Amino acid sequence: MSQATLIKCFAESLGIPAEQVTDELQYNTIPQWDSVAHMTLIAALEDAFEIMLDTDDIIDMSSVAKAKEILARYEVTL
Amino acid sequence: MNNLDFFYQQQSPYSLNAAEKQQVLHSHLSVLDAHHQHHCELYRRIASSQAEAGWFDQQVFLPVRLFKEYELKSVAQEDVFKVLTSSGTTSQQVSRIVLDRETAAHQSKVLVKIMQHYLGVQRLPMLIIDHPSVVKDRLSFSARGAGILGLSTFGRDHTYALDDDMQINLERVQAFIAKHQGKPVFIFGFTFMVWQYFFQVLQQSGKQLDLAGSVLVHSGGWKKLIDIAVDNSVFKQVAAATCGIQRVHNFYGMVEQVGSIFVECSHGYLHAPDYADIDIIDAQTMQQLPFGQQGLIAVSSVLPSSYPGHRLLTEDLGTVFGEDDCPCGLNGKYFHVHGRLPKAEVRGCSDTHAAEVKP
């Protein structure tokens, strides 16, 4: 499991190029990362890292940086 | 700008008693009064005309129908992030709710805080009593689509029970049940859809599903069901008889106040959470009514800062039974909704205002 997996999850779920997946990228600031894509992203992250995120995580996951922080809590090493 | 940390830090969304609510909730609402007075010209004009009329004990409650007639906003156009729209069940006109990022974020967060109280923190396998096309067009969600998406946060393995032709896809539903056998499941749908396309169909075909141990959450109004003599107790009986569902929570909320919803407790009463309040207004005098008397429902919410929807006069009739003393043990006012005010009577309370503020 790696940074690359995380970037792949974002790029595929949101339908954006991998270069666009930076720490600064924020939820709801690009049309591709809307509430529908957000649930797709959550499912992708859960599959890729074999974790179960809870409802607070979904609401807190407001940026790529924040996603890394949350995944770290599930002892995912990036 | 609209800091709700105090509310978020409470143990549960039903923590505040009447005295605390008076202090915290109402001072927060007053701040929003001033904010909208300052940032929304139309709100300011309605506020002054209501004050002149001496309505609501000098508080201002905007008639919800104004959101169908005007785009009311208290933020600069460049800060508008999304405009929620909904068509009412009885009207062709669409409500337009202007959201900035902050208000939208509060809406999601408060909905989570409230629903976690009933569903827990972990996301449950989710059965949606609707068809998947309802969320297909991402650019223009219906209110139904938006509601389903909002509630999807609480689920995993989202499974739609109906096909596009509104028939139950029994194979899919059975597979879902088998997959999650013995685990709690979260079922969500709109009241009428759940009744008409799920419970009724199961009942008439004599089929039974094993959804014991699951939680059914539903919303969307009883109007169509009351017309066919189905009330909350009948609804619950059929939920138990066809699917073995014992835990059913209806909720009352409106598109003008997404997030701070009023959920039905274990004793069958809708409850005001810490983030919101409810008052009953006499449609003739426009004054508050005491507990136990039926009148027009007015709802308050600390969430809306991008549009002046923090205090609203609805077109629904209800009765508040008390505050902080519901047998379920939760704080807050508890109430029942009886349905819509008959159309003719609504004039006077909202139409006159609409007429007064026409630019």
Among residues of the range B:282-312 being in contact with a strand residue (DSSP E or B) (Cβ under 6 Å, 6 or more places away or on another chain) and hydrophobic (A, V, I, L, M, F, W, C), the residue surrounded by the fewest Cβ atoms within 10 Å (Cβ to Cβ) is B:Phe291
Of (1) assigned to a helix (DSSP H, G or I); (2) in contact with a Phe, Trp or Tyr (Cβ under 8 Å, 6 or more places away or on another chain); (3) more than 14 Å from chain A (Cβ to nearest Cβ), B:Gly189 satisfies every one except (1)
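Results for (1) farther than 26 Å from B:Leu270 by Cβ; (2) under 19 Å from the mean Cα position of the chain (by Cα); (3) in the same structural domain as B:Val112 (by TED's automatic domain parsing), shown as yes or no for each residue.
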residue	(1), (2), (3)
B:Ala143	no, yes, yes
B:Thr153	no, yes, yes
B:Arg156	yes, no, yes
B:Val185	no, no, yes
B:Gly206	yes, no, yes
B:Ser233	no, no, yes
If we keep only residues of the range B:229-262 that are within 27 Å of B:Pro342 (Cβ to Cβ) and of a type in the set (Val, Ile, Thr), then the residue modelled with the lowest pLDDT is B:Val255
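Out of all the residues in the range B:143-186, which are polar (S, T, N, Q) and within 14 Å of another protein chain (Cβ to nearest Cβ)?
If we filter the range B:143-186 for residues that are polar (S, T, N, Q), which is where we start, we get B:152-153, B:159, B:167, B:169, B:174, B:181.
Scanning the range B:143-186 gives B:Ser152, B:Thr153, B:Thr159.
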Looking across the range B:153-206 at residues that are in contact with a Ser or Thr (Cβ under 7 Å, 6 or more places away or on another chain) and more than 23 Å from B:Val121 (Cβ to Cβ), the single one that is surrounded by the fewest Cβ atoms within 10 Å (Cβ to Cβ) is B:Asp164
Practice problem: Determine if the range A:17-27 includes at least one residue that is surrounded by fewer than 19 Cβ atoms within 10 Å (Cβ to Cβ), out of contact with any strand residue (DSSP E or B) (no Cβ under 7 Å at 6 or more places or on another chain) and within 14 Å of chain B (Cβ to nearest Cβ). | Solution: no
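Looking only at strands (runs of 3 or more DSSP E) that lie completely in the range B:278-341, which have at least 3 residues being without any contact (Cβ under 8 Å) to a residue 40 or more places away in the chain and over 24 Å from B:His35 (Cα atoms)?
B:311-323
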Within the range A:28-50, residues crowded, with 16+ Cβ neighbours inside 10 Å and more than 11 Å from chain B (Cβ to nearest Cβ) come out as A:Trp33, A:Leu41, A:Ala44, A:Leu45, A:Ala48, A:Phe49
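Pick from B:Ser86, B:Ser15: which is in contact with a strand residue (DSSP E or B) (Cβ under 8 Å, 6 or more places away or on another chain), outside the structural domain of B:Leu313 (by TED's automatic domain parsing) and more than 15 Å from B:Ser305 (Cα to Cα)?
The match here is B:Ser86.
The values are calculated or read from the model by the stated rules, or taken from the named source; none is laboratory data. Everything numeric here is computed off the predicted structure, so don't read it as measured data. With ideal geometry, Cβ positions are generated from the backbone for all residues, glycine too; neighbour counts draw on all protein chains shown.
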